[in-house]
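Report on one structure; see the data block that follows.
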Amino acid sequence: MIMEEKHISVLGSTGSIGTQTLEIARAYEHIKVRALSARSNIRLLEAQAREFSPELVCVADESKAAELKVKLADTPVKVVSGKNGLIEAACIGGADTVVTAVVGISGLEPTVEAVKAGKNIALANKETLVTGGHIVTKLAEENNVKILPVDSEHSAIFQSLQGCRDKREIKRILLTASGGPFFGKKRDELKNITPRDALKHPNWDMGAKVTVDSSTLVNKGLEVMEARWLFGTKNIKVLVHRQSVVHSAVEFCDNAVIAQLGAPDMRLPIQYALTYPERLPMKGNELDLFAYRDLTFEEPDTETFFALTLAFDALGAGGIMPTVFNSADEAAVDMFMRGKLSYLGISEAIEKAMSKIKNIEEPSLEDILETDKAAKEFVFGME
């Protein structure tokens, strides 16, 4: 199978999604890497730069960037830093697709600028659409840019919609959740949960922030809000599916349900976003259905994991509330990881922030960034 060359920029190349993206680039010579970025892991970033020979690498930490510049002095690779450097990596000439795999709201501005520059977006940074969906989707339409989902659930929905010509045919989205490591537990059993406990995900190997969010169902709430912008509907049902084989599904107006199944392997949705609409062979991720005697689906426990209810509340309120939800969670997870907040306190902090901060119906990018700061300051003030 012969494909045209694809040139990519990978924002967050040293994280879980980023390293798997480069694994795919390593397997297919027609995928060329033009830029890479990392937060602070310059040891791995240097190795990636030497292997893939990008034109540019960015390090968020400016002191680490200076150190990397010395290490890469024998190469033609340009080293930049900070927010402006990340935007430069996102907008680099020659790249046709930007893989946004950074964690948190820091991915919003680079994505906005990449869309303005006409880059297609392989979206793994869900916060981009959670906080700025109304801005990004409008810009994507104006600039004829594709937003291709990388999250396994959203990729499954995207794949299930191939052949759907009219969004009015969609009855609802069925968004699956693994349930995380604490499925079946009640609030009393979660009082003494430690970061180490929360990082033991049963099915997926993800970064720390996403793994903690998965355990609280915050991650699923963010995915609900992201799905609203990707697929144009708020009619979304969350199903706990412990086996992580059915990655999500779409129920249509005639009650047909089309789902995408696969092994719990993020390389598949990453690769599909990079090669769409074509599919390429992949080794080692075959799904053996005979290995699964049962595929089960259950209602989420929104009394214990009430952050999911808060996410639906934020979705219903719209405006700036999804940003408040997201930013309060970012601060709360940071405090939890540092031992400054209890596990149950994460969802409680989000609830308090949402009740404290006033909504803005049509927030600008500046409103989003200011609210992000305000929500985090409010939660950090709870220390």
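Quick notes on this structure:
- All positions within the stretch 69-123 that are closer than 16 Å to Ile42 by Cα, out of contact with any Cys (no Cβ under 6 Å at 6 or more places or on another chain) and of a type in the set (Val, Ile, Thr): Val70, Thr75, Val77, Val79, Val102
Yes/no per residue for (1) touching a residue at least 12 places away in the same chain (Cβ under 8 Å); (2) assigned by TED's automatic domain parsing to the domain that holds Ala25; (3) of a type in the set (Val, Ile, Thr); (4) more than 16 Å from Ala177 (Cα to Cα):
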residue	(1), (2), (3), (4)
Glu226	yes, no, no, no
Phe231	yes, no, no, yes
Leu239	yes, no, no, no
Gln243	yes, no, no, no
Ala249	yes, no, no, no
Ala256	no, no, no, yes
Thr275	yes, no, yes, yes
Glu286	yes, no, no, yes
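- Residue match in the stretch 37-55 (condition: in a strand (DSSP E or B) and of a type outside the set (A, V, I, L, M, F, W, C)): yes
- Taken over the stretch 86-121, the criterion of being in a loop (DSSP other than H, G, I, E, B) and under 14 Å from the mean Cα position of the chain (by Cα) is satisfied by Ala101, Val102, Val103, Gly104.
- Qualifying residue in the stretch 224-236 (condition: hydroxyl-bearing (Ser, Thr, Tyr) and crowded, with 24+ Cβ neighbours inside 10 Å): no
- Looking only at the stretch 153-168, residues that are modelled with pLDDT under 95 and surrounded by 14 or more Cβ atoms within 10 Å (Cβ to Cβ) come to 1 in all.
- When residues of the stretch 132-171 are limited to those that are part of a loop (DSSP other than H, G, I, E, B) and touching a Lys or Arg at 6+ places or on another chain (Cβ under 8 Å), the one farthest from Tyr272 (Cα to Cα): Asn143
- Pick from the stretch 330-360, criterion assigned to a helix (DSSP H, G or I) and among the basic types (Lys, Arg), ranking: surrounded by the fewest Cβ atoms within 10 Å (Cβ to Cβ): Lys356
- Residue within the stretch 330-339 that is farther than 29 Å from Val99 by Cα and under 24 Å from the mean Cα position of the chain (by Cα) present: yes
The values are calculated or read from the model by the stated rules, or taken from the named source; none is laboratory data. Please read all numbers here as calculations on a predicted model, not as lab measurements. Every residue, glycine among them, receives a Cβ derived from its backbone with ideal geometry; neighbour counts consider all protein chains shown.
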